[in-house]
Amino acid sequence: MEWTESLKRAISYMETHLFNDIDGYDVAEAVHISPFYFQKGFKLMTGWSIAEYIRYRRLYLAALDVIAADDRVIDIAYKYGYETPESFTKAFTRFHGVSPMQMKGDAHKIKLFLPLTISIVIQGGSEMDYKIEKMDAFKVIGYERDFSFEDAYRDIPEFWTEFMTNCLQHKNQEQIQSVIEKCMIGEFGVCIDDKPETKKFTYMIAGRYDGGTIPAGMRVLEIPAAQWAKFRCVGPLPGALQAVNTEIFKNWLPGNPDYEMSTPLNIEWYSKDDGSKPDYESEIWLPVKQK
(Lines give C-alpha, C1' and ligand atoms only; values in the text may rest on other atoms or scores of the structure.)
Protein backbone atom coordinates (compact mmCIF):
# COMPACT_ATOMS: atom_id res chain seq x y z
CA MET A 1 0.00 0.00 0.00
CA GLU A 2 1.29 3.48 -0.85
CA TRP A 3 2.26 5.78 2.00
CA THR A 4 -0.22 8.46 0.99
CA GLU A 5 -3.09 5.98 1.12
CA SER A 6 -1.83 4.56 4.41
CA LEU A 7 -1.70 8.06 5.85
CA LYS A 8 -5.28 8.75 4.82
CA ARG A 9 -6.43 5.49 6.39
CA ALA A 10 -4.49 6.25 9.56
CA ILE A 11 -6.15 9.65 9.92
CA SER A 12 -9.57 8.09 9.35
CA TYR A 13 -8.81 5.48 12.00
CA MET A 14 -7.70 8.09 14.53
CA GLU A 15 -10.78 10.24 13.91
CA THR A 16 -13.04 7.23 14.43
CA HIS A 17 -11.27 6.24 17.65
CA LEU A 18 -10.54 9.61 19.25
CA PHE A 19 -12.48 8.62 22.36
CA ASN A 20 -10.63 5.32 22.73
CA ASP A 21 -7.28 4.64 24.36
CA ILE A 22 -5.11 4.38 21.23
CA ASP A 23 -1.50 5.14 20.42
CA GLY A 24 0.91 5.00 17.51
CA TYR A 25 1.22 1.23 17.63
CA ASP A 26 -2.55 0.80 17.36
CA VAL A 27 -2.69 3.16 14.38
CA ALA A 28 0.22 1.47 12.59
CA GLU A 29 -1.35 -1.94 13.16
CA ALA A 30 -4.63 -0.71 11.70
CA VAL A 31 -2.92 0.24 8.41
CA HIS A 32 -0.60 -2.81 8.43
CA ILE A 33 2.73 -0.95 8.48
CA SER A 34 5.66 -1.40 10.85
CA PRO A 35 5.12 0.94 13.84
CA PHE A 36 8.81 1.85 13.66
CA TYR A 37 8.59 3.22 10.13
CA PHE A 38 5.03 4.50 10.29
CA GLN A 39 5.49 6.66 13.37
CA LYS A 40 8.72 8.07 12.01
CA GLY A 41 7.14 8.72 8.60
CA PHE A 42 4.02 10.32 10.09
CA LYS A 43 6.11 12.81 12.05
CA LEU A 44 8.29 13.70 9.06
CA MET A 45 5.34 14.04 6.68
CA THR A 46 2.96 15.98 8.93
CA GLY A 47 5.14 17.72 11.50
CA TRP A 48 3.39 16.02 14.44
CA SER A 49 3.88 12.73 16.18
CA ILE A 50 0.82 10.47 16.26
CA ALA A 51 0.47 11.12 19.99
CA GLU A 52 0.51 14.89 19.40
CA TYR A 53 -2.07 14.66 16.62
CA ILE A 54 -4.46 12.64 18.78
CA ARG A 55 -3.93 14.94 21.77
CA TYR A 56 -4.47 18.15 19.80
CA ARG A 57 -7.57 16.82 18.08
CA ARG A 58 -9.07 15.88 21.45
CA LEU A 59 -8.28 19.28 22.94
CA TYR A 60 -9.91 21.03 19.98
CA LEU A 61 -13.08 18.93 20.31
CA ALA A 62 -13.01 19.46 24.07
CA ALA A 63 -13.07 23.22 23.46
CA LEU A 64 -16.18 22.81 21.30
CA ASP A 65 -17.82 20.93 24.17
CA VAL A 66 -16.79 23.64 26.63
CA ILE A 67 -18.39 26.31 24.43
CA ALA A 68 -21.53 24.44 23.45
CA ALA A 69 -22.45 22.53 26.60
CA ASP A 70 -23.09 23.09 30.26
CA ASP A 71 -21.08 20.00 31.20
CA ARG A 72 -18.78 20.25 34.15
CA VAL A 73 -15.05 20.44 33.45
CA ILE A 74 -14.57 17.13 35.27
CA ASP A 75 -17.03 15.40 32.92
CA ILE A 76 -15.31 16.80 29.82
CA ALA A 77 -11.93 15.82 31.24
CA TYR A 78 -12.99 12.20 31.67
CA LYS A 79 -14.63 12.16 28.24
CA TYR A 80 -11.32 13.04 26.59
CA GLY A 81 -9.21 10.60 28.56
CA TYR A 82 -7.79 12.76 31.35
CA GLU A 83 -7.58 11.25 34.80
CA THR A 84 -8.20 14.50 36.68
CA PRO A 85 -9.78 17.88 35.89
CA GLU A 86 -6.49 19.48 36.92
CA SER A 87 -4.46 17.62 34.27
CA PHE A 88 -7.12 18.41 31.68
CA THR A 89 -7.18 22.11 32.57
CA LYS A 90 -3.39 22.27 32.39
CA ALA A 91 -3.27 20.64 28.94
CA PHE A 92 -6.24 22.71 27.72
CA THR A 93 -4.66 25.98 28.85
CA ARG A 94 -1.29 25.10 27.34
CA PHE A 95 -2.92 24.33 23.97
CA HIS A 96 -5.56 27.07 23.71
CA GLY A 97 -3.89 29.76 25.80
CA VAL A 98 -6.91 30.08 28.11
CA SER A 99 -8.52 27.84 30.70
CA PRO A 100 -11.85 26.06 30.06
CA MET A 101 -13.68 28.59 32.23
CA GLN A 102 -12.14 31.49 30.31
CA MET A 103 -13.07 29.80 27.03
CA LYS A 104 -16.73 29.79 28.03
CA GLY A 105 -16.66 33.58 28.07
CA ASP A 106 -14.76 34.07 24.81
CA ALA A 107 -15.23 31.42 22.12
CA HIS A 108 -13.02 33.38 19.71
CA LYS A 109 -9.97 32.20 21.64
CA ILE A 110 -10.37 28.63 20.49
CA LYS A 111 -7.34 27.22 18.68
CA LEU A 112 -8.36 25.36 15.53
CA PHE A 113 -6.97 21.89 14.93
CA LEU A 114 -8.98 20.24 12.18
CA PRO A 115 -8.48 16.73 10.73
CA LEU A 116 -5.54 16.54 8.37
CA THR A 117 -6.27 16.58 4.67
CA ILE A 118 -3.61 14.73 2.73
CA SER A 119 -2.46 16.42 -0.44
CA ILE A 120 1.10 15.41 -1.22
CA VAL A 121 3.01 16.21 -4.38
CA ILE A 122 4.94 13.07 -5.23
CA GLN A 123 8.23 13.96 -6.92
CA GLY A 124 9.84 10.54 -6.90
CA GLY A 125 13.44 9.78 -6.06
CA SER A 126 15.26 10.75 -9.24
CA GLU A 127 16.62 14.01 -7.83
CA MET A 128 17.91 12.47 -4.61
CA ASP A 129 21.53 11.37 -4.38
CA TYR A 130 21.19 7.68 -3.54
CA LYS A 131 22.29 4.23 -4.64
CA ILE A 132 20.92 0.72 -4.19
CA GLU A 133 23.53 -1.68 -2.82
CA LYS A 134 23.39 -5.30 -1.70
CA MET A 135 25.43 -6.08 1.40
CA ASP A 136 26.27 -9.27 3.24
CA ALA A 137 25.47 -9.55 6.93
CA PHE A 138 27.88 -7.73 9.22
CA LYS A 139 28.26 -7.15 12.94
CA VAL A 140 28.37 -3.93 14.91
CA ILE A 141 29.35 -3.21 18.49
CA GLY A 142 28.43 -0.29 20.68
CA TYR A 143 26.19 1.24 23.30
CA GLU A 144 22.42 0.97 23.12
CA ARG A 145 19.42 2.54 24.79
CA ASP A 146 15.64 2.25 24.43
CA PHE A 147 13.62 5.26 23.29
CA SER A 148 9.96 6.08 22.89
CA PHE A 149 8.83 7.44 19.53
CA GLU A 150 7.37 10.47 21.28
CA ASP A 151 10.66 11.60 22.86
CA ALA A 152 13.31 10.19 20.49
CA TYR A 153 13.99 13.44 18.61
CA ARG A 154 14.92 15.09 21.91
CA ASP A 155 16.55 12.18 23.73
CA ILE A 156 18.79 10.62 21.03
CA PRO A 157 20.96 13.78 20.62
CA GLU A 158 21.38 13.75 24.40
CA PHE A 159 22.52 10.12 24.15
CA TRP A 160 25.19 11.14 21.64
CA THR A 161 26.35 13.98 23.90
CA GLU A 162 26.61 11.55 26.80
CA PHE A 163 28.56 9.10 24.63
CA MET A 164 31.06 11.77 23.57
CA THR A 165 31.51 12.85 27.18
CA ASN A 166 32.08 9.26 28.28
CA CYS A 167 34.65 8.76 25.51
CA LEU A 168 36.77 11.46 27.10
CA GLN A 169 36.35 9.83 30.50
CA HIS A 170 37.45 6.47 29.10
CA LYS A 171 40.85 7.82 28.00
CA ASN A 172 42.46 6.06 30.95
CA GLN A 173 40.55 2.79 30.46
CA GLU A 174 42.67 1.13 27.82
CA GLN A 175 40.38 -1.79 26.98
CA ILE A 176 37.29 0.34 26.39
CA GLN A 177 39.23 3.03 24.55
CA SER A 178 40.90 0.40 22.38
CA VAL A 179 37.53 -1.04 21.30
CA ILE A 180 36.08 2.42 20.64
CA GLU A 181 39.03 3.31 18.40
CA LYS A 182 39.51 -0.08 16.72
CA CYS A 183 35.81 -0.55 15.89
CA MET A 184 35.25 3.16 15.19
CA ILE A 185 32.27 3.30 17.53
CA GLY A 186 30.29 6.35 16.47
CA GLU A 187 30.47 5.52 12.76
CA PHE A 188 26.89 4.22 12.87
CA GLY A 189 23.63 5.15 14.52
CA VAL A 190 21.40 2.08 14.31
CA CYS A 191 17.63 2.17 14.89
CA ILE A 192 16.05 -1.24 15.57
CA ASP A 193 12.36 -1.92 16.15
CA ASP A 194 12.94 -4.92 18.41
CA LYS A 195 10.77 -4.14 21.44
CA PRO A 196 7.14 -3.93 20.24
CA GLU A 197 5.90 -5.23 23.59
CA THR A 198 7.23 -2.10 25.34
CA LYS A 199 6.25 0.25 22.48
CA LYS A 200 9.84 1.48 22.29
CA PHE A 201 12.75 0.97 19.92
CA THR A 202 16.47 0.49 20.37
CA TYR A 203 19.02 3.04 19.21
CA MET A 204 22.65 1.99 19.10
CA ILE A 205 25.79 4.12 18.76
CA ALA A 206 28.02 1.61 17.03
CA GLY A 207 30.99 0.64 14.88
CA ARG A 208 31.96 -2.46 12.92
CA TYR A 209 32.83 -5.54 14.97
CA ASP A 210 35.28 -8.15 13.66
CA GLY A 211 35.80 -10.11 16.86
CA GLY A 212 37.62 -9.62 20.12
CA THR A 213 36.76 -8.57 23.66
CA ILE A 214 33.32 -7.12 24.33
CA PRO A 215 33.64 -4.64 27.21
CA ALA A 216 30.93 -4.52 29.87
CA GLY A 217 28.07 -2.25 28.84
CA MET A 218 28.53 -2.84 25.10
CA ARG A 219 26.47 -5.07 22.82
CA VAL A 220 27.21 -6.88 19.56
CA LEU A 221 24.45 -6.92 16.96
CA GLU A 222 24.36 -8.68 13.60
CA ILE A 223 22.91 -6.61 10.76
CA PRO A 224 21.28 -9.07 8.34
CA ALA A 225 22.18 -9.32 4.68
CA ALA A 226 19.98 -6.90 2.78
CA GLN A 227 19.55 -4.61 -0.15
CA TRP A 228 20.05 -1.04 1.03
CA ALA A 229 19.00 2.30 -0.35
CA LYS A 230 21.85 4.60 0.69
CA PHE A 231 21.08 8.31 0.64
CA ARG A 232 24.00 10.75 0.63
CA CYS A 233 23.79 13.81 2.89
CA VAL A 234 26.13 16.78 2.56
CA GLY A 235 26.16 19.55 5.15
CA PRO A 236 26.54 20.13 8.89
CA LEU A 237 24.78 17.93 11.40
CA PRO A 238 22.04 17.49 12.32
CA GLY A 239 20.37 19.68 9.69
CA ALA A 240 21.62 17.90 6.55
CA LEU A 241 20.67 14.47 7.85
CA GLN A 242 17.23 15.63 8.98
CA ALA A 243 16.55 17.34 5.64
CA VAL A 244 17.34 14.19 3.65
CA ASN A 245 15.32 12.06 6.07
CA THR A 246 12.32 14.33 5.49
CA GLU A 247 12.76 14.13 1.70
CA ILE A 248 12.84 10.33 1.86
CA PHE A 249 9.49 10.10 3.64
CA LYS A 250 7.81 12.98 1.84
CA ASN A 251 8.97 12.47 -1.73
CA TRP A 252 11.01 9.32 -2.32
CA LEU A 253 8.95 6.74 -0.46
CA PRO A 254 5.31 7.72 -1.22
CA GLY A 255 4.23 6.06 -4.41
CA ASN A 256 7.71 4.75 -5.23
CA PRO A 257 7.13 2.38 -8.17
CA ASP A 258 10.18 0.23 -7.52
CA TYR A 259 11.00 -0.10 -3.83
CA GLU A 260 9.43 -0.45 -0.40
CA MET A 261 11.02 -0.91 3.01
CA SER A 262 11.73 -4.50 3.97
CA THR A 263 12.89 -4.54 7.59
CA PRO A 264 12.13 -2.33 10.62
CA LEU A 265 15.74 -1.18 10.85
CA ASN A 266 17.73 1.76 9.53
CA ILE A 267 21.28 3.01 9.82
CA GLU A 268 22.86 6.45 9.95
CA TRP A 269 26.46 6.47 8.68
CA TYR A 270 28.84 9.20 9.84
CA SER A 271 32.21 10.05 8.31
CA LYS A 272 35.24 10.82 10.49
CA ASP A 273 35.29 14.53 9.69
CA ASP A 274 34.03 17.46 11.75
CA GLY A 275 30.22 17.26 11.73
CA SER A 276 29.86 21.05 11.81
CA LYS A 277 31.63 21.59 8.46
CA PRO A 278 29.50 22.75 5.52
CA ASP A 279 30.73 19.86 3.34
CA TYR A 280 30.41 17.15 6.01
CA GLU A 281 29.28 13.80 4.54
CA SER A 282 26.87 11.36 6.14
CA GLU A 283 24.36 8.81 4.86
CA ILE A 284 20.98 7.27 5.68
CA TRP A 285 20.64 3.56 4.90
CA LEU A 286 17.21 1.96 4.50
CA PRO A 287 16.71 -1.76 3.86
CA VAL A 288 14.47 -2.09 0.80
CA LYS A 289 12.99 -4.72 -1.45
CA GLN A 290 11.65 -4.48 -4.96
CA LYS A 291 7.90 -4.44 -5.35
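The values are calculated or read from the model by the stated rules, or taken from the named source; none is laboratory data. All of these numbers come straight from a predicted model, not from anything done at the bench. Neighbour counts run over all protein chains shown; Cβ positions are idealised from the backbone, glycine included. What goes into the accessible areas is simple: the full protein's heavy atoms, side chains included, and nothing from ligands, DNA or RNA. Shrake-Rupley method; radii C 1.70, N 1.55, O 1.52, S 1.80 Å.
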**OP:** From I67, I50, grab the single residue that is in contact with a helix residue (DSSP H, G or I) (Cβ under 7 Å, 6 or more places away or on another chain) and open to solvent by 60 Å² or more (accessible area, probe 1.4 Å).
**Re:** I67
**OP:** Could you list, in sequence order, all residues of the range 241-291 that are at pLDDT below 90, closer than 17 Å to E187 by Cβ and small (G, A, S)?
**Re:** G275
**OP:** Sort through Y56, Y13, Y37, Y60 and tell me the only one that's surrounded by fewer than 21 Cβ atoms within 10 Å (Cβ to Cβ) and farther than 20 Å from A91 by Cα.
**Re:** Y13
Original post:
Is it the case that the range 16-26 has a residue that's at pLDDT below 90 and of a type in the set (F, W, Y)?
Top reply: yes
Original post:
Which members of the range 91-120 meet the condition of being of a type in the set (G, A, S) and either under 12 Å from L59 (Cβ atoms) or part of a loop (DSSP other than H, G, I, E, B) (or both)?
Top reply: A91, G97, S99, S119
**OP:** Return yes or no: is Y80 surrounded by 12 or more Cβ atoms within 10 Å (Cβ to Cβ), at pLDDT 90 or above and within 30 Å of P196 (Cβ to Cβ)?
**Re:** yes
**OP:** Run N166 past the list (1) assigned to a helix (DSSP H, G or I); (2) modelled with pLDDT of 85 or more; (3) in contact with a strand residue (DSSP E or B) (Cβ under 9 Å, 6 or more places away or on another chain); (4) surrounded by fewer than 19 Cβ atoms within 10 Å (Cβ to Cβ) and report the number of the one that doesn't hold.
**Re:** (2)
Original post:
Looking at the range 152-161, is at least one residue of a type in the set (D, E), at pLDDT 95 or above and open to solvent by less than 50 Å² (accessible area, probe 1.4 Å)?
Top reply: no
Original post:
Could you say whether any residue in the range 246-258 is without any contact (Cβ under 8 Å) to a residue 12 or more places away in the chain and charged (D, E, K, R)?
Top reply: no
Original post:
What's the number of the condition A107 fails, among (1) more than 26 Å from D151 (Cα to Cα); (2) open to solvent by less than 30 Å² (accessible area, probe 1.4 Å); (3) small (G, A, S)?
Top reply: (2)
Original post:
If only one of R72, R94 is among the charged types (D, E, K, R), exposed (fewer than 14 other Cβ atoms within 10 Å of the Cβ) and either at pLDDT 95 or above or within 29 Å of the chain's Cα centre (by Cα) (or both), which one is it?
Top reply: R94
